[in-house]
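Visitor: Could you have a look at this structure, given as structure tokens, before my questions?
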Amino acid sequence: MLPLIEKANKIDLILASGSPRRKEILQQLGFKFQVETRPIDEVYPEHLNKTEISDFLAEQKAKAFEDIPSNTIVITGDTIVWHENKALGKPTDYREAVEMLESLSGQTHEVISSLSLKTKKTITTVHETTQVSFKKLDELEISHYINTYLPYDKAGAYGIQEWIGQIGITKIEGSFYNVMGFPTRVFYEALKEVINQSFISK
């Protein structure tokens, strides 16, 4: 077993996300953890841009865990789609999902995911950005995807691992897992640093 996984499995890891994709990815990395979510108002100051937005929201979610024990790391995350100088979050209804996918059609956008790792005393936040390009999507493709996959829990109204990604994405520059909402490489390095700094005796 890798030393990092062995050390992490002696710590109580909490994934503070209801996302089945984040849960699956963290399991695939080999870590043991529990899932616990605490709701927050996912609003941010209007002057924030790009990584500032996802960093802020990930940290707000982490700060909701004020009472954690000393042997615990809480992992929170937030993902946004940045396109045409604005953030696309999760669509609230069918019409908004259509508008988002129409705006992404035939264009390149950025997917930004931030993760915060909170211990009893510290919060460490990391992020990653991936460029994603879509082909020109027609009206039937967009409506079929929304009606079949109901992407209302996904930033930008799509999941890269689903049908729309399989038939529509022409190019990716950066981490595939980052687009799924869990930037594995930066998470792995951040977890290593947090454990070495705060749990070196574990």
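The values are calculated or read from the model by the stated rules, or taken from the named source; none is laboratory data. All values reported here derive from a predicted model rather than from experimental measurement. All Cβ positions, even for glycine, are placed from backbone atoms using ideal geometry, and neighbour counts span all protein chains on display. Note: areas computed on protein heavy atoms with side chains; ligands, DNA, RNA excluded. Shrake-Rupley method; radii C 1.70, N 1.55, O 1.52, S 1.80 Å.
Visitor: Looking at the stretch 103-141, which of its residues are out of contact with any helix residue (DSSP H, G or I) (no Cβ under 6 Å at 6 or more places or on another chain), closer than 28 Å to residue 17 by Cα and either open to solvent by 40 Å² or more (accessible area, probe 1.4 Å) or in a loop (DSSP other than H, G, I, E, B) (or both)?
Guide: The answer is 108, 120, 121, 122, 129, 131.
Visitor: If you check 128, 99, which single one turns out to be closer than 22 Å to residue 26 by Cα and charged (D, E, K, R)?
Guide: Every option except 128 fails the conditions.
Visitor: Are any residues in the stretch 175-186 out of contact with any His (no Cβ under 8 Å at 6 or more places or on another chain) and either open to solvent by 60 Å² or more (accessible area, probe 1.4 Å) or in contact (Cβ under 8 Å) with a residue 60 or more places away in the chain (or both), and if so, which ones?
Guide: In the first step, residues of the stretch 175-186 are kept if they are out of contact with any His (no Cβ under 8 Å at 6 or more places or on another chain); the result is 175-182, 184-185.
Hits for the stretch 175-186 are 176, 177, 178, 179, 180, 181, 182, 184, 185.
Visitor: Another question about this same structure. Exactly one of these conditions fails for residue 150: (1) closer than 25 Å to residue 69 by Cα; (2) open to solvent by 30 Å² or more (accessible area, probe 1.4 Å). Give me its number.
Guide: Single failed check for residue 150: (1).
Visitor: Right, here's the next one. I'd like the residue in the stretch 187-202 that is among the hydrophobic types (A, V, I, L, M, F, W, C) and not in a helix (DSSP H, G or I) and, out of all such residues, is most open to solvent (accessible area, probe 1.4 Å).
Guide: So the residue we want is 200.
Visitor: Considering only the stretch 1-86, give the helices (runs of 4 or more DSSP H) lying wholly within it that have at least 3 residues that are closer than 25 Å to residue 152 by Cβ and in contact with a strand residue (DSSP E or B) (Cβ under 7 Å, 6 or more places away or on another chain).
Guide: Answer list for the stretch 1-86: 20-28, 51-63.
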